[in-house]
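Data first, discussion second: the structure below is written as structure tokens.
Each value in this text was obtained by applying a stated rule to the coordinates, not by laboratory testing. Since this is a predicted model, take the numbers as computed values, not measurements. Quick reminder, even Gly has a Cβ in these numbers, built from the backbone with ideal geometry, and neighbours come from all protein chains shown.
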Amino acid sequence: MSLEVETRQAENGVTVLAPVGRLDVAGAPALKEAIAQLVGNGPPRVVIDMEGISFVDSTGLGSVISALKQIRGNQGELRLAAPNQQARVVLELTTLDRVFAYYATVEEALAGL
Amino acid sequence: MAGDNHRFEFRATLSDLEGGLDVLHASIDELRKVLGRDADDRALMFFETAVAEIGNNALLHGRVSPERPVQYVLHSDAETVVAWVLDSGPPVARHWVREMAPPTSEAGRGLALARSMLDSLEYERRGQLNLWRLVKRL
């Protein structure tokens, strides 16, 4: 099962990435590629809608950290929305919940971004 | 006591990354059905995450080929689930790692994450093979 990443623009101009599948060692390159297409066109404001992500591993998390570095390096902002229970547990056990702001819904993540 | 209807055994050989990961996840899904547990069951969620971490490490670094696939065995009763992962890769030098990589690091969390999610994670170099044993109480 490879990861497919859909991209859409929210009404406030924020880019919403919606990956579907497993964000793991096999799926992480697809997210990295989607992020690479966003940076370089001004400060990117991005929400990753995680509702379609069924499973996250440490390599998948690494791709989100990479995204955060690239986006902040371009004076942008990244938020995570709607992670499932497994993703939240992995974020907490790796203490990355202190690094990433994550929100229950995409609408909450978009507010004020 | 574990009833026979809760006993489960699964064996597979894994010879490519993406297909191998599909098999690992499918085996845990099958175990959930046998045990009558849902996707939010924490013990199996933790176990699946650990199996995926150890499994993908074996598939990536185990010099895997159709002639030398990763061997995977999953066994469970009503109380405990155990997985064995065997690969032909070089010895794993830092198999004891428990510390998480710092938050800004993009890699280096897999073993520590797997260990934190299991009751036991054992590693043994057996001849030219790496053998991992993962244990989780249900």
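Quickly work out the B:Asp119-to-B:Glu9 label distance, labels modelled 7 Å from Cα along the C-beta direction, and quote it in nm with one decimal.
For the pair B:Glu9/B:Asp119, the computed spacing is 2.0 nm.
What percent does the relative contact order of chain A come to when contacts are Cα pairs within less than 8 Å and at least six residues apart?
Computed over chain A, the figure is 25 percent.
By how many degrees, 0 to 90 and rounded to 10, does the Cα axis of helix B:17-35 deviate from the longest principal axis of chain B?
Once rounded, one gets 20 degrees.
If you bin the C-alpha pair distances of chain A every 10 Å from 0, what whole percents do you get?
Calculated over all Cα pairs of chain A, the distribution is 15, 53, 30, 2 percent.
Farthest toward the dipole's positive end in the stretch B:1-123, which of B:Ala78, B:Leu35, B:Met117, given Cβ charges of +1 (Lys, Arg) and -1 (Asp, Glu) about the Cα centre?
The residue sitting most towards the positive pole is B:Met117.
If we restrict to alpha carbons, what Rg and Dmax does the protein assembly as shown come to, in Å?
18.9, 62
Pairing the Cα long axis of helix B:42-61 with the longest principal axis of chain B, what angle in degrees results, from 0 to 90 and rounded to the nearest 10?
Once rounded, the angle reads 30 degrees.
Give me the distance between the Cα centres of the stretch A:40-97 and the stretch B:1-77, rounded to whole Å.
So the two Cα centres are separated by 26 Å.
Using only Cα atoms and rounding to the nearest 10 degrees, what angle (0 to 90) does helix A:28-38 make with the longest principal axis of chain A?
In chain A, helix A:28-38 runs at an angle near 0 degrees to the longest axis.
Which of the GluC sites (Glu not before Pro) found in the stretch B:11-74 are in a DSSP loop and have at most 16 neighbouring Cβ atoms, other than their own, within 10 Å?
Filter output for the stretch B:11-74: B:Glu67.
Just to check I understand the Karplus step: with θ = phi - 60° and J = 6.51 cos²θ - 1.76 cosθ + 1.60, what whole-Hz values come out for the stretch A:58-71, glycine and proline as x?
Going residue by residue, I get 5, 6, x, 4, x, 5, 6, 5, 4, 4, 4, 4, 5, 5 Hz, with x marking Gly and Pro.
For the protein assembly as shown, what is the calculated [θ] at 222 nm in deg cm²/dmol (nearest 500), taking -39500 (n - 2.57) for each run of four or more DSSP H residues and dividing by its residue count?
For the protein assembly as shown, the value works out to -11000 deg cm²/dmol.
Could you estimate the translational diffusion coefficient of the stretch B:24-138 from the Stokes-Einstein equation, with Rh from the Kirkwood formula over C-alpha pairs, at 37 °C and 0.692 mPa s, in whole µm²/s?
It diffuses with D of about 224 µm²/s by this estimate.
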